[in-house]
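Have a look at the structure below before the remarks.
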Amino acid sequence: MRNSKTNSPVRSTLIRLSVLVVFCSMIASRSARAESPVVDIFNEWLSAFNSGDESNLSGFWQKYGSNQLPPDRFALDMRLRNATGGMDIFRIVEQTPTHLAVVMKGHRGIFSESIMDLTSGTSPVVSRLIGRPVPAPESCPSPAKNDADLITKVREHVGQKRGMDAFSGAVLIAHRRHRRHICSRGRSTPFGTAHAC
């Protein structure tokens, strides 16, 4: 009896502290989002960029463009989109409310660094958006040198997954540009047991 009475105030205090911690973390995450409009605006640009739709990109630049940007900014984006096939954020390098530097990975495997700066004010606009190629990060596996190297890397990866009982399915490797089939293995021909790819 005595134990449950002394535990009750301790339990009550722990519950109050837990609620307070959750409440404070909710407020902190809201303020962090409110203080980082550059991430939201960059994601808007990236979505328009990846769509490959000229009207989406044009709409973005009409909304956020400034006279500090080159007049052919829209055309530059379309050329870059055609060259990369689109991009995804690989890692955020620097972030302030008005500055963002990110490492991007193009859909064709090329890495780049993009930097966006906003003007400060109630209606932020993009004052700078630049990019430059960078080497692949060390945390990213190196690309295959040729088809045989690619097949070897895929076999090793799938073998590791299969060994951990984490892979079930099929593998198909093909060149999208040349529409040439390189290798496929599925349930009926387990990877590595049939003819060499």
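Please treat every number below as a calculation from the coordinates, not as lab data. Since we're looking at a predicted model, the values are computed, not measured. In this analysis, Cβ positions are derived from the backbone assuming ideal geometry, glycine residues included, and neighbour counts consider all displayed protein chains.
Observations on the model:
- Near Met116, once Lys and Arg are set to +1 and Asp and Glu to -1 for all other residues with Cβ below 13 Å from its Cβ, the sum equals -4.
- Here's the list of aspartates and glutamates a cross-link from Lys145 could span, going by alpha-carbon distance under 18 Å and ignoring same-chain residues fewer than 8 apart: Glu156.
- Under 5 Å, built H, 5+ apart or other chain: amide partners of Glu113: Met104, Arg132, Val134
- Near the amide H of Arg128, within less than 5 Å, lie the amide hydrogens of Asp117, all on another chain or at least 5 residues away, with H placed in the peptide plane.
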